[in-house]
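**Q** Here it is, the structure in full.
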Amino acid sequence: GEDVEQSLFLSVREGDSSVINCTYTDSSSTYLYWYKQEPGAGLQLLTYIFSNMDMKQDQRLTVLLNKKDKHLSLRIADTQTGDSAIYFCAESIWGNTGGFKTIFGAGTRLFVKA
Amino acid sequence: DTGVSQNPRHKITKRGQNVTFRCDPISEHNRLYWYRQTLGQGPEFLTYFQNEAQLEKSRLLSDRFSAERPKGSFSTLEIQRTEQGDSAMYLCASSLDRQSQETQYFGPGTRLLVL
């Protein structure tokens, strides 16, 4: 099946680390992504990881992938109020007719308290 | 190039009317995607084009929905006989398959309200 699940809400204090978790069901994922969406704005790609990698670090962002458990996480170090947004986990898979499709989770709303 | 653009940004229509949305991808991108996003949900995949060929369609794309990309550049999404349940944000994204990974760049979306 094709399903991506995320916790719906996370609240952290400014300066703390945030960890947003995601699970997916399709083992044929090629890439997994984290997108950010701020109110009234479009989706912005934050980072991605290829399915044969375990970890990727990009400045304050660390992505961990546990392929065995189909679990993906995004850690934001030193979380700032400007990080408040909705974070979407997504996986790219091959469709039934030779094309890609991307399956998104419902999004985790991150609220950063000053 | 300023990224993916979509027109119109907002559309209000009466139930039963037809609507058409346009997406202009980043100029050298050969892949184009349409998604639908409702409040509190993530984007739902609708369809995917590789150049002018429509390669993948979601079961969500009923017979009332049709998408085209006639010259492999811009794309249109038409909804016929709109229903209230079609109210959503319609997102377009594009990507370049020569890259080592599938990075999709999203447009700002067209928000549709069906009365």
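**Q** Can you name the number of the only condition in (1) touching a residue at least 40 places away in the same chain (Cβ under 8 Å); (2) closer than 19 Å to A:I103 by Cα; (3) of a type in the set (S, T, N, Q) that B:T76 fails?
**A** Unmet condition: (2).
**Q** Tell me, please, whether a residue that is surrounded by 14 or more Cβ atoms within 10 Å (Cβ to Cβ) and among the charged types (D, E, K, R) can be found in the range A:47-55.
**A** no
**Q** If you don't mind, there's one more thing I want to ask. Assigned to a strand (DSSP E or B), polar (S, T, N, Q) and open to solvent by less than 20 Å² (accessible area, probe 1.4 Å), is that true of A:S11?
**A** no
**Q** Do we have any residue at all in the range A:4-19 that's under 15 Å from A:D83 (Cβ atoms), of a type in the set (K, R) and more than 14 Å from every other protein chain (Cβ to nearest Cβ)?
**A** There is at least one residue in the range A:4-19 that is under 15 Å from A:D83 (Cβ atoms), of a type in the set (K, R) and more than 14 Å from every other protein chain (Cβ to nearest Cβ).
**Q** Of everything in the range B:3-47 that's surrounded by fewer than 18 Cβ atoms within 10 Å (Cβ to Cβ) and closer than 14 Å to B:T76 by Cβ, which residue is nearest to the chain's Cα centre (by Cα)?
**A** B:R22
**Q** Sticking with this one: Mind counting the residues in the range A:77-114 that are out of contact with any Leu (no Cβ under 6 Å at 6 or more places or on another chain), open to solvent by less than 20 Å² (accessible area, probe 1.4 Å), away from chain B (no Cβ under 14 Å) and aliphatic (A, V, I, L, M)?
**A** Going through the range A:77-114 one residue at a time, the tally reaches 1.
**Q** Go through the range B:57-115 and report how many residues are part of a strand (DSSP E or B) and of a type in the set (G, A, S).
**A** 7
**Q** From the list A:D26, A:D16, which one is farther than 26 Å from A:I93 by Cα and in a loop (DSSP other than H, G, I, E, B)?
**A** Going through A:D26, A:D16 in turn, just one is farther than 26 Å from A:I93 by Cα and in a loop (DSSP other than H, G, I, E, B): A:D16.
**Q** Determine the pairs where a residue that is within 14 Å of another protein chain (Cβ to nearest Cβ), located within the range B:56-73, has a partner that is polar (S, T, N, Q) and open to solvent by less than 50 Å² (accessible area, probe 1.4 Å) with Cβ atoms under 7 Å apart, the partner being 6 or more residues away or on another chain.
**A** Listed by first residue and then by second, the contacts come to B:E56/B:T47; B:K57/B:T47; B:S58/B:T47; B:L61/B:T47; B:A67/B:T47; B:A67/B:S75; B:A67/B:T76; B:R69/B:S75.
Okay, residues lined up against (1) among the acidic types (D, E); (2) within 8 Å of chain A (Cβ to nearest Cβ):
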position	(1), (2)
B:N18	no, no
B:D24	yes, no
B:L32	no, no
B:G40	no, yes
B:E44	yes, yes
B:Y48	no, yes
B:Q54	no, no
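The values are calculated or read from the model by the stated rules, or taken from the named source; none is laboratory data. For clarity, every value in this text was computed on a predicted model and none was experimentally measured. Note that we place each Cβ from the backbone using ideal geometry, even for glycine, and neighbour counts take in every protein chain shown. For the accessible areas, the whole protein counts, side chains as well, though only heavy atoms, and no ligand, DNA or RNA atoms are used. Shrake-Rupley method; radii C 1.70, N 1.55, O 1.52, S 1.80 Å.
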